[in-house]
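The values are calculated or read from the model by the stated rules, or taken from the named source; none is laboratory data. None of these values were measured; they are calculated from a predicted model. Quick reminder, even Gly has a Cβ in these numbers, built from the backbone with ideal geometry, and neighbours come from all protein chains shown. Calculation scope for accessible area: heavy atoms of the full protein, side chains included, ligands and nucleic acids excluded. Shrake-Rupley method; radii C 1.70, N 1.55, O 1.52, S 1.80 Å.
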Amino acid sequence: QILRIRASLPPHILRRSGAAAADKLASMKEFIDAKTVMAYMDFRNEVPTGMIIESIRSSGKKLVLPLTDKNFNIIPYEIPEEGTLTDYLVTSAHGIAEPDPNLCREADPSSIDLIIIPGSAFDQYENRMGYGKGCYDRFLAALPSVSFKLALAYDFQVLPCIPADPTDVRMDMILTISTADAL
């Protein structure tokens, strides 16, 4: 049901939500202090990250983006500073823009200060429900505890409580974007 609501969001809500997320993130201590930030390339009406990614790149911070291999493991790649973002991206078999491993170098996961994470549902206890493959849970479990885990969510994606397993990695914070504010 949540994914159906998200899929029905009109383009003007997506644009304003992306701008609201970038504005909120820019004032966060965790973002200001971060030297290396891992983000995601939005897909299927996830909270848009284009403005966030441009902010990371223009601030001189290192940008890391995920590549998901055929076994659904996330491999982080550092995006070079020169050129445009699209110079370094390819489209995966799932239709997601990912780093081109021929042009980007693999990033050291322990260097990631802040990781911005998508999901399908969240709750007030910082639990996250992904898309069922465990990609992010496996990746996040291997990160050092100092890496700040920030989920981006629309207000309707945050529920009072969702099922959580011991292998599910909790977020440090959920940055919630109000779809009412975006109107």
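Only one residue in Lys24, Lys61 is surrounded by 12 or more Cβ atoms within 10 Å (Cβ to Cβ), more than 26 Å from Ala142 (Cα to Cα) and basic (Lys, Arg), so which one is that?
Of the residues listed, the single one that is surrounded by 12 or more Cβ atoms within 10 Å (Cβ to Cβ), more than 26 Å from Ala142 (Cα to Cα) and basic (Lys, Arg) is Lys24.
The conditions are (1) surrounded by fewer than 18 Cβ atoms within 10 Å (Cβ to Cβ); (2) under 23 Å from Ile112 (Cα atoms), and Leu67 fails exactly one of them. Which is it?
(1)
Residue check, Ala121 against (1) under 15 Å from Glu30 (Cβ atoms); (2) open to solvent by less than 20 Å² (accessible area, probe 1.4 Å); (3) out of contact with any Ser or Thr (no Cβ under 9 Å at 6 or more places or on another chain), all met but one. Which one?
Status for Ala121: all satisfied but (1).
Being more than 16 Å from Ser120 (Cβ to Cβ), surrounded by fewer than 21 Cβ atoms within 10 Å (Cβ to Cβ) and touching a Leu at 6+ places or on another chain (Cβ under 7 Å) is the filter here; which residues of segment 36-53 pass it?
Met41
Before we move on, is Ala164 touching a helix residue (DSSP H, G or I) at 6+ places or on another chain (Cβ under 7 Å) and either modelled with pLDDT under 95 or not in a strand (DSSP E or B) (or both)?
no
Considering every residue within segment 127-135, establish whether at least one is touching a helix residue (DSSP H, G or I) at 6+ places or on another chain (Cβ under 7 Å), surrounded by 15 or more Cβ atoms within 10 Å (Cβ to Cβ) and at pLDDT below 95.
Yes; the residues of segment 127-135 include at least one that is touching a helix residue (DSSP H, G or I) at 6+ places or on another chain (Cβ under 7 Å), surrounded by 15 or more Cβ atoms within 10 Å (Cβ to Cβ) and at pLDDT below 95.
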